[in-house]
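Presented below is the structure to which this report refers.
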Amino acid sequence: MTDSQQTTGSQAPPAEAPPQAAPPEETSRFDEVSTEGMFSGGPLAVLARLGSLRVFLVLALIWIIFQTQNGNFLSAFNLTNLVLQIAAVGMISIGVTLILLLGEIDLSVGAVSGLCAAIMAVLSVKHGWGPIPAMLAALVVGLLIGVVNGFFVTQFGIPSFVVTLAGLLAWQGALLRVLGDTGTINITNPTILGLTGTFYGDVFSWVLAALVIAAYAASGFMERLRRTRAGLAPPPMTRFLIRWVAVAVGTIAAVAVLTSDRGVPLAGLILVGFCALFVFITERIVWGRHLFAVGGNDEAARRAGIPVRRLRMTVFALASMFAAAGGILGASRLQAVNQSSGASDLLLLAIAGPVIAGTSLFGGRGSVWGALLGALVIGSISNGMDLLGLQSADKFMITGGVLLIAVVIDALIRNERQRAGARR
């Protein structure tokens, strides 16, 4: 009813229509079964309550299965290789997680990682640039590509799926153009190779482990103090202590295993460091709260005064820059860049990891830690299949099946939360 209709008092109210029988509700068989059977205290409700703990349970199950099939899977040598293998995918997944939290998708991150790695290699090998300027140039190119993606999405309202699909094709062509006739460029610079070839010994590793455990404890107590000063109830101390013990045990176990082989790899520290940084940004900074708000409800966020367009531009720029960083780490590990860099299953793995770790494809739910946990899960599956000598066809089918299961669970949990909210 319009305002003019509300203010017109002289008009008689319209006659009420005679009551009619309400039409029968059209409820599908799926809705009946899913609402009453699967969700009401069922296994999916349990999974929803477990949160990130279900990722660790899945990871433990994967490790047990592959260890029973091949006794070398949990060896220190293979676990160190696993950290190196997931570093590049994990870096790309950080940007993908930010995109997913926004409720968007970026299909060009694999091609962008290959193109930026090629730019770094060409500048370093063919043009004699130093390693730091060459890597910075690659990161800047990735940032600019993300700005282009965000521009078309925000200014023209084109779905991000279409924009980044076009980018997937365009940046693959740019990769071929940058590499030229050689096709492959071998990287020999020790600084670039050191990104994945540097390992830290016992003293540095254990000191770092102690600092990580102490920093987590300090952040927890600071959070409790901040909430108390604001007049809010602090989180239960028992929950914090359980998480702190889990972090301490996991950190000590990881350092013990890695130092028994070559040491703690620099690439793993880079990945964990950026994950921790963006967990802080997304959970403690206003920008992060805006990110979740836009991903949860775009229109409501816009009406609340959040600069939605600028936020989208920033997230797309960050996603492509992280893709460039992942490409640099991948080139460092392989010691070369070629025409297949950024191709194959890299895009699938970068997107599958966060989704498997609980980041919603519908936006507004998840954590940047999902990039690390998801990369660890999907990397463990890939590493285990390599140890078992499975064919490429089997690897693709198994990885695709795992991704599909994760997406289905995510969709069902989201539907259950919506129904629970409606019932309240």
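The values are calculated or read from the model by the stated rules, or taken from the named source; none is laboratory data. Note that the structure is predicted; figures quoted are calculated from it, not measured. All Cβ positions, glycine included, derive from the backbone under ideal geometry; neighbour counts span all protein chains shown.
Odds and ends about this structure:
- For segment 220-279, taking the residues that are polar (S, T, N, Q) and over 28 Å from the mean Cα position of the chain (by Cα), the one that is surrounded by the fewest Cβ atoms within 10 Å (Cβ to Cβ) is identified as 238.
- When residues of segment 155-175 are limited to those that are over 25 Å from the mean Cα position of the chain (by Cα) and loosely packed, with under 14 Cβ neighbours inside 10 Å, the one nearest to residue 87 (Cα to Cα): 173
- Number of the condition not met by residue 374 [criteria: (1) surrounded by 24 or more Cβ atoms within 10 Å (Cβ to Cβ); (2) of a type outside the set (Val, Ile, Thr); (3) more than 21 Å from residue 411 (Cβ to Cβ)]: (3)
- The residue that is farthest from residue 255 (Cα to Cα), among those in segment 70-79 that are in contact with a helix residue (DSSP H, G or I) (Cβ under 6 Å, 6 or more places away or on another chain) and not aliphatic (A, V, I, L, M), is 70.
- Looking only at segment 327-371, residues that are crowded, with 24+ Cβ neighbours inside 10 Å and of a type in the set (Phe, Trp, Tyr) come to 0 in all.
- Residue that is modelled with the lowest pLDDT, among those in segment 62-85 that are of a type outside the set (A, V, I, L, M) and loosely packed, with under 14 Cβ neighbours inside 10 Å: 71
- Of the residues screened, residue 196 is not one that is among the polar types (S, T, N, Q) and not in a helix (DSSP H, G or I).
- Only listed residue being in the same structural domain as residue 324 (by TED's automatic domain parsing), of a type outside the set (Lys, Arg) and surrounded by fewer than 21 Cβ atoms within 10 Å (Cβ to Cβ), chosen from 114, 128, 146, 90: 128
- Helices (runs of 4 or more DSSP H) enclosed by segment 323-424 - at least 1 residues per element that are over 17 Å from the mean Cα position of the chain (by Cα) and modelled with pLDDT of 90 or more: 369-388
- Verdict on residue 100 being assigned to a helix (DSSP H, G or I) and surrounded by fewer than 20 Cβ atoms within 10 Å (Cβ to Cβ): no
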